[in-house]
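Here, each number is a calculation from the coordinates, and none is a lab measurement. Note that the structure is predicted; figures quoted are calculated from it, not measured. Note that we place each Cβ from the backbone using ideal geometry, even for glycine, and neighbour counts take in every protein chain shown.
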Ligand SMILES: [Zn+2]
């Protein structure tokens, strides 16, 4: 009984193609989820129905794309805003010398489709922020292989916000991988159910920042000279002109400025690539770390998509600096997380109620215990208790009707010192 | 696919849809509306609708900088509070920990910043620099050397600079409160 038996074979599915994967999918095991249905149904889902999004086509992304394609995912989408740099070629193995300068997402998609028959990879060369909820809604699963904290915070908040209590399809599992040198982590985020990326923001390794007075007066390291050039000299010489760390001319200027400084203080080791590394905060990427983390992410994607085994709950940490050490634990959701924590309350008020009246209602509400609430919507302030200037600027709103400021079904963010973080009100009118 | 939804139904109904307001924006609103500043510090928002860019004036009521009003600009980026606020002194002042471009040497603005700190901690830290300038972390080297070697001259320089005088060829901004 080899793989032709799955009944959904396409011309690309030659005999034995999925022999090894099918060992897992053809029969349930001691750790399979009760909902697991061995055989054709699960294979059909994985190979013909599941749609997966990969964010990032760099060091982790290349590994993730290859793993997913070889595991049997056939409808893969990939987003990346970068183009290929020659320094990527040592580990981002879907790219060749001839591809330098081309968009990572497009080259990676073409490579995978050529190499793994029957797989469709749809690239998008651009920012994740270009896409709206409708776009993210089409996927079953999302895997992130990003090196940017900001981008991760954005996709995390977007997926948490997308969860709609009325629609099970709106909950998209997010698998997040990250590496820094020999360290890495893989985690499974079930938006609104498990802890989210924002919940763990304080666990991040801090990027090294040197005291500004050391940079200014007592440089000892080549990095101090580079920081001096970028933090102090650039704004002094170029004024308002913004430094673009992707512009080779800017890096060259910083490199030359830092070199002069280094010479003055007898410091060795300022190079062009170190300059680029320091200002872009590049941590050396290690191919093997990327491979391990990507494998872990894809393993989770496979388990979640097929229910063939228990998935990670919820944080896997790899420390390869001294030997190989790993630790898996359940990172707990934070009640005061600004993205997934706090509370949301439905409030039905009269369309005649002034803002002042709403504030009184909140203060009187026994179950939430708010003192001195400040109110805003996503794009404007309604009433802020402080500082005095903003209080005065928003005071005229107190006598306005809430319905003039917030549309039916609209949301108000309430902050107050007595709240752990914030409360959101969904307003309907009577 | 695993059936996640059943897990969702089992938990309490607390987690409903959240607003579209960004985490940075909510955090800034929280920080600003809960500022607990002494009368020696005042914020000013050039555009009251923009909470991410504002000024702070510090008017120390004791110490060697008493009588002056010192202006700082705050710029908060969307990655706050992962990234610290960017703070600059907008005047040319004679202070060991502030250079002539307005850069400020305050540990919590750079190497010791943590997301649990807030705008209040930064403001209190800034005010402290005027009460206790620190000659060990110099950004204006002349001022720092003077402070540790010849305190009387340093105090004189501080007074003169605050009136807008020139010290060692550098003219400082007048910062006296009228
Ligand atoms: Zn969270």
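General observations
- Annotation: the antiparallel percentage among DSSP beta bridges lying fully within the protein assembly as shown is about 65.
- Computed as a quarter of the hull surface, the mean projected area of the alpha carbon convex hull for chain B stands at 13.9 nm².
- Taken along the Cα-to-beta-carbon direction at a fixed 7 Å, the label points for residue B:40 and residue A:40 span 8.1 nm.
- For the peptide B:22-32, the mean number of other protein chain Cβ atoms found within 10 angstrom of a residue's Cβ is 6.
- Helix-only CD estimate at 222 nm, as mean residue ellipticity for chain A, using -39500 (n - 2.57) per DSSP H run (n ≥ 4): -9000 deg cm²/dmol
- Estimated from helical segments only, the mean residue ellipticity of chain B at 222 nm is -8500 deg cm²/dmol, where each DSSP H run of four or more residues counts as -39500 (n - 2.57).
- Cα convex hull volume per residue for the range A:232-382 (Å³): 305
- Extension gain, residue A:241 back to residue A:148 (0.36 nm per residue minus Cα-Cα distance, nm): 31.1 nm
- Helix B:119-131 axis, angle to chain B major axis (alpha carbon atoms, nearest 10°): 10
- Likely footprinting exposure, A:114, B:3, fewest C-beta neighbours within 10 Å first: A:114, B:3
- Length available on full extension from residue A:295 to residue A:122: 0.36 nm per residue minus the Cα-Cα distance, which gives 60.2 nm.
- Over all pairs of different C-alpha atoms, the range A:311-401 has a mean inverse distance whose reciprocal, the Kirkwood radius, equals 17.1 Å.
- Degrees, to the nearest 10: B:23-33 long Cα axis against longest axis of chain B: 50
- Segment residue A:48-residue A:249, length gained on full extension (0.36 nm per residue, minus Cα span): 67.6 nm
- Remark: mean inter-chain Cβ contacts per residue of A:387-399 equal 3, using a 10 Å Cβ-Cβ cutoff to other protein chain atoms.
- At R0 = 22 Å, FRET efficiency that the Cβ-Cβ distance of residue B:142 and residue A:218 yields, to 0.05: 0.90
- Dividing the mean sequence gap of close Cα pairs (under 8 Å, 6+ apart) by how many residues the range A:133-205 holds gives a relative contact order of 30 percent.
- Largest first, the extents of the alpha carbon coordinates of the protein assembly as shown on the three principal axes equal 94, 70, 37 Å.
- Considering only A:360, A:40, A:82, the Gaussian network model of chain A with Cα springs below 10 Å gives its largest mean-square fluctuation to A:360.
- Entry note: the range A:212-280 has Rg to Rh equal to 0.93, where both radii use alpha-carbon atoms and Rh is the Kirkwood radius.
- For peptide A:208-218, the mean count of partner chain Cβ atoms within 10 Å of a residue's Cβ comes to 6.
- Simple spin-label estimate for residue B:131 and residue A:90 gives 5.1 nm between the two label positions (7 Å along the Cα-to-Cβ direction from each Cα).
- Principal-axis analysis of the Cα atoms of chain B puts helix B:151-162 at an angle of about 70° to the longest axis.
- Counting other Cβ atoms within 10 Å as a rough exposure proxy, the listed residues A:337, A:196 run A:337, A:196 from fewest neighbours to most.
- Approximate spin-label separation residue A:400-residue A:268, in nm, with each point projected 7 Å along Cα-to-Cβ: 6.6
- Over the range A:282-351 - Rg/Rh using Cα atoms and the Kirkwood inverse-distance radius: 1.20
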